[in-house]
Structure formats: C-alpha cells, structure tokens
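Here the structure comes first, spelled out in structure tokens, and everything after it is commentary.
The values are calculated or read from the model by the stated rules, or taken from the named source; none is laboratory data. Here the structure is a predicted model, which is why all the values come from computation and not from measurement. Cβ atoms come from the backbone with ideal geometry, glycine included; neighbour counts cover every protein chain shown. Accessible surface is based on the protein model in full, side chains and every heavy atom, while ligands, DNA and RNA are left aside. Shrake-Rupley method; radii C 1.70, N 1.55, O 1.52, S 1.80 Å.
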Amino acid sequence: MYSITRYTLLLCLLLSAGCAGLNRYQTDGTLVLKGIDAPVKVVRDEKGMAYIHADTLDDAMRALGYVTAQDRLFQMTQTRLFAEGRICELAGEKARALDIRHRTIGFHRQAIKHSRILDEKTRVFFQNYVDGINAYIQTGEGSFPLEFKLAGISPEPWTINDALAIYYLMSWDMSANLKTEVVAQMLVEKLGETKAREIFPLNINPDDEGLSIRSASRTPGATAVDVAADSKTMEFLKDGALEVGSNNWVVGPAMSSGGKPVLCDDPHMKTGILPGPFYPVGIVTPDFRVVGVAVPGLAGLPIFRSDHIAVGLANAYIDIQDLYVETIDPTDADHFLEGTVSIPFTVIEEEIRIKDGKAEDGFRNERVKIRLTKRGPVVSDVIKGLESDKVLSLRWAAYETMTPTIGFVPLLTAPTVDSAVSAIEKINTISFNFVIADTQGNIGWQVSGRLPIRSNGDGTVPYPVTDGRDNWRGFVPFEQMPHAYNPDKGWVGTCNHHTVTQGYPYYYSSHQSPSYRYRRLKGLMNTPGEKTVDDHWRYQRDTRNLMAEKLVPYMVAVLAASPQTLDLAEILDQWDLHDDIDAVGATVFHTIYERFAWLTFSDELRDDLAAKMLKVWYFWQERFQQMVLTDHLGQWFDDTTSDETVEEKRDILIRAAMDARVKLSESLGRNPGRWHWGKVHRHTFVSPIRRNGFGKGFLGGGTQPAAGSVEVLYRGLYEYDDPYSVSVSAALRMVADLSDEDKVLAVVSGGVAGRIFHPHATDQIEAFMNGEKMYWWFSDREIAKHTRSVLTLTPETTPPLN
C-alpha cells in the first residue's frame with residue numbers, strides 16, 4: 001500500500017539500531033486527561049491489557065477512548081477512513097472504486113443523521129469516548145504510532161459521527177444477503193428462472209421437529225437485468241471488511257460443573273491483519289465491573305462478562321437489504337419511473353481526495369455525484385435493457401430504523417437477562433444472535449435488528465419497481481423475532497444457521513450458514529454429563545467435519561471402484577473426519593470436494609459465473625450435498641461441453657479426484673502420505689502497513705499451519721478461489737463461567753497493541769493457534785496479582801486567577 005523506499009529506509013534503520021523500545025507509549029506514572037472529574041487508574045497486565053479504575057462511567061468511557069487510542073489509533077483511523085469513503089487518501093487511485101461505493105452507500109451521511117437524534121445518555125456515552133480519543137491526539141504527539149509516519153498521514157480529531165460511521169460499517173458487513181441477491185439474479189439471467197431455482201440456497205434448521213428447510217420456492221417479480229455487465233454491482237461480491245460469522249452458546253446451571261451459567265463466544269472475522277479486530281479491556285467503577293472486547297473507534301463493549309451478566313454475539317444474517325430494479329425515464333434520464341409516474345432522482349455531490357504523487361500537494365480532488373430514489377442510493381451504472389435502461393437501488397433497514405438510544409449503552413450495565421433483552425430491543429441497526437446469561441442462573445438467546453415484512457414473501461432476487469406501492473409492509477415486531485429463554489434442554493446456541501422453524505410467519509433470510517457447525521455443537525451439548533470450562537474451550541477448537549461425515553462414504557465407494565483413484569479412497573476411508581493440521585484425509589477431501597463442485601457447475605454456468613457463485617459458500621453447500629447424496633437434480637452432473645456421452649455423478653467425482661491428485665502432486669509432491677492439511681491450510685498474520693512483498697514477514701506475525709476449515713466449529717474459512725489461505729477465523733475465543741469470580745478464559749487473534757514492534761502486538765498469536773489458555777482478570781485480587789504497570793490519569797487543574 002505504501003512506498004517500498006520508505007520501508008527500505010525504515011528496515012535498514014531498525015536492523016542497525018534494533019527494535020527494542022520503538023513505538024511505545026506511556027504506561028506508568030501520571031498524565032493529565034482533560035474532562036475527567038477524578039483520577040483514573042489504568043492498570044495493565046502481562047498481556048498489556050488495560051483495566052480502567054474510575055469513579056464514574058463517564059470518566060471510565062473517557063479513559064477508554066484514551067487508552068484505546070494509545071494502543072489502536074492507527075487501526076481506528078484506517079477503519080474510520082474506510083467507513084467514510086476516504087481510503088484513497090492512503091491508497092490512491094486503486095481505492096477509488098471502494099471510496100465511491102462507501103460514499104454511495106452513505107455510512108457517514110447516516111451517522112450524521114443518527115447523531116442528531118441521540119438521547120442525552122447515549123450522546124454523553126459516545127461523547128466521552130471520542131473526547132478521550134481526542135485528548136490523546138492533542139497531548140500524545142511524541143508517542144503516536146510509527147505507522148502514521150510510514151503512511152504519510154496524521155491523526156485527526158474525532159466526533160460522534162466518526163464513531164457512528166464505524167457502527168454502520170459493522171452493520172453493513174453483517175448484512176451479507178446482498179451477495180446472494182446478486183448471484184441469484186445472475187443465475188436467473190443465465191439459466192432462466194425455473195432452472196436457476198434448482199440451485200438456489202437451501203437453508204436447514206436442525207432443531208425443527210419437521211426439519212425446517214427453506215428453499216426459494218419462487219422468485220416473485222424476477223426481471224431481466226444483466227447485473228453481470230455492471231462493474232459496480234460486481235464489486236458488492238467483494239465486500240466484507242469484517243465478514244462476521246461466529247459460534248456462540250450458553251449453558252444453564254444444570255449443565256455446568258460450577259453450578260452457574262457458562263457463556264461461550266468465538267466471533268469469526270478477518271483476522272490476518274494485526275493486531276486483530278477486537279480490543280480487550282476491563283472497566284471497574286464503584287457501581288459495576290466488566291471485562292470484554294471493544295471495537296476500536298466505537299464506544300462500548302459488545303462482548304463481555306460483568307459482575308451480573310455475560311453477553312456473546314454471532315451474526316444472525318437476517319435479510320435487511322434489498323436491491324431494486326429501477327427504470328430510467330426514457331424521456332428524461334434524470335428521472336426514474338414508478339409505473340407511469342416520472343420522479344426526479346435526488347442528487348448529492350461529495351468530494352473524494354485521492355493520493356497522487358503527480359499532484360502539486362500530493363492529492364487530487366474529484367467530485368462524485370450520488371443519485372437516490374425513494375428506496376435508497378443508486379448503486380449501479382446504467383444497465384442497458386431491451387425496452388428501457390435500468391439501474392439498481394439499495395434499500396437497507398438499518399437506515400430506516402434508527403432510534404435515540406443505541407442498545408449497547410444500557411446493555412453494558414444490565415443486571416439481568418431480562419434487562420439485557422430490553423437493551424437488545426434498541427439495537428436496530430445490526431442483526432446479531434445474542435446469547436446472554438446472568439448470575440441468577442438465567443440464560444437466553446435473542447435476535448436483534450429489524451426484519452422487513454415483504455409483501456412478496458421473499459428477498460432472494462432484486463425487486464422490480466413497477467409502481468409506487470411499497471413492498472416492505474413494516475417490520476417484524478421485536479416480540480416475534482427469534483428468541484429462547486431458559487429452554488428445557490438447558491442450553492441454547494447459534495452458528496449462523498437457519499434458526500427459524502417451519503411455522504415462522506415471515507421470510508427471514510436466504511443467506512444462512514449450512515447446518516454442519518450447529519449440528520456438531522448440538523451433538524457435543526447433548527453428550528451426557530456436566531460441561532466444564534475446559535470442555536467448552538475444547539469445543540471451540542473442535543475440528544470434526546460433519547459435512548465430510550455425510551459425503552465421504554459416497555466418495556469412498558465411488559473412488560474405490562476405479563483403479564486410478566483407489567489410493568485416494570483408502571486415504572479418505574482411514575481419515576477420522578477431523579480437519580487437523582496433520583490430517584492427510586482433510587487435504588484430499590477438501591481438494592476433491594471443491595473440484596467436484598467446480599466440474600458440476602462450471603459447464604452450465606461457465607467459468608465466470610461459477611466462480612462467483614462458488615465464492616459465496618452459504619449459497620451452494622447445503623444444496624450441493626443434497627444433489628450428491630440423492631438422485632435429485634442428477635442432470636447437473638452431465639458435462640454439457642461433451643456431446644458424445646452423458647456423464648453421471650460418479651464420472652464427475654472420479655474426474656475431480658484425478659484433477660485433485662495432479663494439483664496436490666504439483667504443490668506437495670507425489671507421495672500422498674505427505675499431503676498434510678497444515679501444509680496447505682495456513683494462517684498468515686501481517687501488518688496493516690505491509691501486507692505483501694518486502695518486509696511483510698518482518699513487520700507481521702508470520703505464517704502458521706492451521707487446523708479447521710469452512711465447515712467446522714474451529715473455523716478456518718478460506719476463499720474458494722484462493723485455497724487454502726485462511727481469511728476468516730475466530731477473532732476471539734471467550735469462555736465466561738459466571739461461577740468463577742476471578743477470571744474469564746479468553747484469547748484474541750493478535751494482541752492488544754496495534755503498533756509494529758510493540759511486544760503486545762503479536763504475543764497472543766501462539767496461544768490463539770495452539771489452544772493455550774489465557775485469561776482476562778476479573779477480581780481485584782487477580783488484577784493486582786498480574787499488574788505490570790500503573791498509569792494515573794488526573795483531571796486538568798484549573799489555572800489560578802491573576
């Protein structure tokens with residue numbers, strides 16, 4: 001992203017002078033923090049994790065902003081620029097399309113609107129946080145992260161708008177149904193609606209007595225619009241800065257060896273960029289104490305254990321986005337049509353600043369026009385149609401459901417599960433599966449966000465606007481959003497899967513995880529006996545692949561019948577179905593499976609569309625398993641590029657296995673006994689300022705062999721078109737036992753400090769990868785025992801009158 005010359009000079013300097021002591025900040029002694037009413041003590045432990053001791057929540061939030069800026073100011077700045085459509089200021093022309101897209105979606109515009117309606121408590125909460133950030137920026141110049149100099153930028157003051165822009169960015173990244181809409185529309189264009197429906201997503205809820213299966217049985221109003229021809233629309237398939245997935249669960253007292261609930265959370269995010277998405281921190285006041293993680297730049301702690309409750313979250317993937325096919329008025333290109341009514345586009349102009357070495361001051365400015373319809377911004381270029389030109393507009397429930405209170409504020413101090421649910425009711429912008437527990441022994445699950453009630457009962461494909469009627473008929477009442485409280489089975493959990501039952505009266509989503517992870521979790525929870533903290537820690541790293549459990553017997557039977565693939569069948573037959581780093585069977589299975597899918601779909605769809613569909617794992621995996629294990633849709637296995645024969649499923653599988661052998665032999669050698677999963681499935685940790693090329697390893701955290709896969713609890717997701725480099729994994733593993741008053745078992749993917757060369761930038765990677773236990777300290781005794789530094793933040797003194 002930045003110049004090689006700058007890196008070369010830096011590395012030469014560091015190699016000659018050593019790195020010790022570089023890129024640090026003050027953690028001992030005394031500093032002035034403007035705006036606090038009483039001294040605040042910031043204790044740091046052996047991990048560099050800060051525990052903020054303050055007299056009030058107001059002072060604690062101001063100190064949280066300050067210490068987060070100490071550790072993560074550069075990361076916060078990057079996220080802010082990303083959310084506000086300003087990455088061109090760092091990356092230049094190559095980020096232009098991204099900035100225009102984010103300006104078009106309008107995270108920052110919406111943040112400004114939302115900040116105007118905040119109630120006093122919420123406004124003060126956020127204002128204290130950004131005031132703390134600004135206090136560090138104003139006084140900490142000598143200790144700013146070295147990354148700012150390398151990037152050629154300087155810190156800027158923060159406002160509530162900046163924090164809220166990050167809030168909306170988070171919501172966007174958890175609203176992934178848009179990818180399903182784009183792929184589904186492309187399939188309709190390519191195949192026609194009837195044949196496209198054959199391979200539309202299949203969503204299964206294993207908890208439903210009738211095995212709730214949701215398939216897009218119809219695509220009301222599907223219309224011809226060639227989205228594949230529009231580069232802007234195709235960019236949405238690349239979206240997903242955070243890519244939140246996750247597993248979470250909570251068990252009640254009867255299932256816990258300690259006699260109180262245990263809550264577990266491992267949010268799945270992009271973890272390759274150091275120091276990781278989450279910032280671990282503790283807050284202690286006379287009224288409450290909490291340890292958990294914050295999102296740098298955003299006030300509050302979304303995942304935590306307090307002295308009364310524990311909260312974890314996972315993505316619910318409810319469908320809160322729709323694309324609309326809008327018709328441009330053929331008589332006036334500045335208008336769009338609703339039936340015969342011509343309506344002018346609303347036009348907004350914004351200016352982007354692009355880093356440009358040829359410009360006089362190093363930057364050039366460009367004006368961008370953004371058009372909006374009644375439904376939302378126009379996110380495509382003009383798409384030529386047979387009868388009229390079209391554009392796609394985007395509607396997002398998050399923009400229509402903002403409230404004065406942001407529920408994360410009252411959630412932090414909620415004393416019970418009931419009060420936590422009341423706070424979650426006010427989290428309209430983001431759709432999470434929350435799991436909750438309290439010290440009284442109650443447990444619960446509640447979905448947040450506002451789900452549109454669609455008149456056509458589906459949101460799988462873009463909706464054609466044909467008149468002025470609104471296809472959103474309101475939002476599902478909070479009481480009817482999926483939830484469970486103190487269930488009879490004694491536990492509740494989610495894995496991004498289809499959680500609603502057959503009788504649920506509303507369309508929920510067509511973008512849900514395959515059921516494999518949840519089925520495995522359900523099996524583990526249903527084993528007899530109480531569960532210890534160690535059991536839960538082990539479950540978070542469980543590698544049993546239930547998709548393979550279903551498919552391997554068929555694969556073995558077919559491959560064993562061919563002399564060319566008999567040895568591969570034997571490897572699969574001997575595999576224990578765990579995606580462990582030393583497993584040869586895992587390598588063979590995944591390579592054959594993904595090639596099998598490619599050969600099945602690429603002939604009908606052609607390479608480009610097949611690649612786009614297969615890249616969206618949730619779209620096709622459950623459907624493909626159904627195709628493999630039944631005689632349903634067998635015609636898809638015939639190779640339509642071959643005129644002379646009609647291939648069967650077994651023929652395509654054998655071909656896939658032979659192709660897999662060639663691929664693995666080229667990369668790992670001809671001896672299958674050496675095709676260990678950890679040799680190909682690897683997790684790389686890099687600095688945000690040097691992701692590739694010279695200096696990448698020196699500034700980053702190295703490359704590690706990784707267990708897990710796309711389908712197991714120990715998530716190690718990779719891009720279909722970039723196997724097997726891990727792109728998404730747990731960013732945090734937390735097991736909070738409410739019977740343990742001293743500590744919380746937790747590890748993050750990188751470290752506390754977002755500064756190259758800092759000792760706490762990468763010091764949790766080893767434990768994160770190998771399962772070593774690390775802790776957040778909770779009691780006064782344990783915090784004191786593990787104290788390594790104490791910084792006292794003092795109020796600004798009033799100068800004497802002359």
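Once you reduce region 430-469 and region 127-184 to the center of their Cα atoms, the two points are 26 Å from each other. Surface composition of the chain: carbon plus sulfur atoms contribute 50% of the solvent-accessible area (1.4 Å probe, protein chains only, all chains present). At 15 Å minimum axial length over the Cα atoms and a Kyte-Doolittle cut of -1.0, report the qualifying DSSP H helices in the chain, or say none. Long hydrophobic helices here: 4-17, 57-83, 107-117, 120-139, 160-173, 177-191, 546-560, 584-615, 617-629, 649-668.
If you count only protein heavy atoms with a 1.4 Å probe, what accessible area per residue comes out for the chain, rounded to a whole Å²? Before the final figure, lay out each step's value.
On the way: 29460 Å² over 802 residues.
I get 37 Å² per residue for the chain.
A simple spin-label model places pseudo-atoms 7 Å from Cα toward Cβ; at residue 361 and residue 488 they are separated by 7.0 nm.
Each label was represented as a point 7 Å from its Cα along the Cα-to-Cβ direction; for residue 381 and residue 646 these points are 4.3 nm apart. Amide hydrogen proximity for residue 268: with H placed 1.01 Å from N in the peptide plane, the residues at 5 or more positions away or on another chain lying under 5 Å are 245, 246, 247, 731. Contact order for region 733-786, expressed relative to its length and based on alpha carbon pairs under 8 Å spaced 6+ residues apart, stands at 37 percent. Computed on protein heavy atoms with a 1.4 Å probe, the accessible areas place 149, 773, 121 in the order 149, 121, 773, largest first. For residue 670 and residue 554, the difference between the fully extended length at 0.36 nm per residue and the C-alpha to C-alpha distance is 39.3 nm. The dipole here belongs to the chain: it is taken about the Cα centre, uses +1 on the Cβ of Lys and Arg and -1 on the Cβ of Asp and Glu, and is about 1380 debye. Across the cross-link table entries 195/522; 426/489; 355/384; 41/696; 47/696; 34/260, which are compared at the Cα atoms, the separations over 31 Å belong to 195/522; 355/384; 41/696; 34/260. Below 8 Å, C-alpha to C-alpha, sequence gap of six or more: please give me the relative contact order for region 109-172 in percent. Taking the mean separation of contacting Cα pairs over the length of region 109-172, I get 54 percent. Per-residue extension of 0.36 nm, minus the Cα-Cα distance of residue 632 and residue 369, leaves a gain of 89.8 nm for this segment.
Between residue 779 and residue 501, the simple spin-label model (points 7 angstrom out along Cα→Cβ) gives 4.3 nm.
Normalised by the number of residues in the chain, the mean separation of alpha-carbon contacts (under 8 Å, six or more apart) gives a relative contact order of 19 percent. If you average the alpha carbon positions of region 253-289 and of region 576-623, how far apart do those two centres end up, in angstrom? Their Cα centres are 33 Å away from one another. Over region 85-212, the hull volume per residue, using the convex hull of the C-alpha atoms, is 212 Å³.
Estimate the FRET efficiency between residue 46 and residue 307 by the formula 1/(1 + (r/R0)^6), using the beta-carbon distance for r and 22 Å for R0, to the nearest 0.05.
The value I calculate is 0.45.
Among beta bridges identified by DSSP and lying wholly in the chain, the antiparallel ones come to about 90 percent.
Only protein heavy atoms count here; on that basis, with a 1.4 Å probe, residue 590 has an accessible area of about 0 Å². As a calculated quantity, the FRET efficiency between residue 741 and residue 694 at R0 = 41 Å, using C-beta atoms, amounts to about 0.25. For region 556-611, GluC sites (Glu not before Pro) meeting the loop criterion (DSSP other than H, G, I, E, B) and having at most 13 other Cβ atoms within 10 Å: none.
If you sort the three axes of the alpha carbon gyration tensor as a ≥ b ≥ c, you get a/c of 1.5 or more for region 299-411 and a/b no higher than b/c, which makes it oblate.
Using the Kirkwood radius over Cα pairs, work out the Stokes-Einstein diffusion coefficient for region 511-601 at 4 °C and 1.567 mPa s, in µm²/s as a whole number. Mind showing how you got there, number by number?
Details: Rh = 14.8 Å.
Answer, rounded: 88 µm²/s.
Rounded to whole numbers, the Karplus 3J(HN,Hα) couplings from phi for region 333-343 are 5, 8, 10, 10, 9, 10, x, 9, 8, 9, 10 Hz, using 6.51 cos²θ - 1.76 cosθ + 1.60 with θ = phi - 60°, and x at Gly and Pro.
For region 583-719, what class follows from the C-alpha gyration tensor (a ≥ b ≥ c being the square roots of its eigenvalues): rounded when a/c is under 1.5, otherwise prolate if a/b is larger than b/c, else oblate? Since a/c reaches 1.5 and a/b is larger than b/c, the shape of region 583-719 is classed as prolate.
Can you give the FRET efficiency for residue 32 and residue 480, using 1/(1 + (r/R0)^6), R0 = 45 Å, r = Cβ-Cβ distance, to the nearest 0.05?
Values: r = 51 Å, r/R0 = 1.14.
For residue 32 and residue 480, the calculated efficiency is 0.30.
Karplus-derived 3J(HN,Hα) values for region 266-282, using 6.51 cos²θ - 1.76 cosθ + 1.60 with θ = phi - 60°, are 9, x, 9, 9, 6, 10, x, 9, 6, x, x, x, 9, 10, x, 7, x Hz; glycine and proline are entered as x. Principal axis analysis of the Cα atoms in the chain yields extents of 98, 68, 60 Å, listed in decreasing size. Dipole of the chain computed with +1 at Lys/Arg Cβ and -1 at Asp/Glu Cβ about the Cα centre; of 710, 699, 768, farthest Cα towards the positive end is 699.
Give the residue list of GluC sites (Glu not before Pro) in region 333-427 that are DSSP loop and have at most 12 other beta-carbon atoms within 10 angstrom. List each step's numbers first, then the result.
Numbers: sites: 338, 349, 350, 351, 360, 366, 387, 400, 425; in loops: 360, 387, 400, 425.
Sparse-neighbourhood loop GluC sites (Glu not before Pro): 360, 387.
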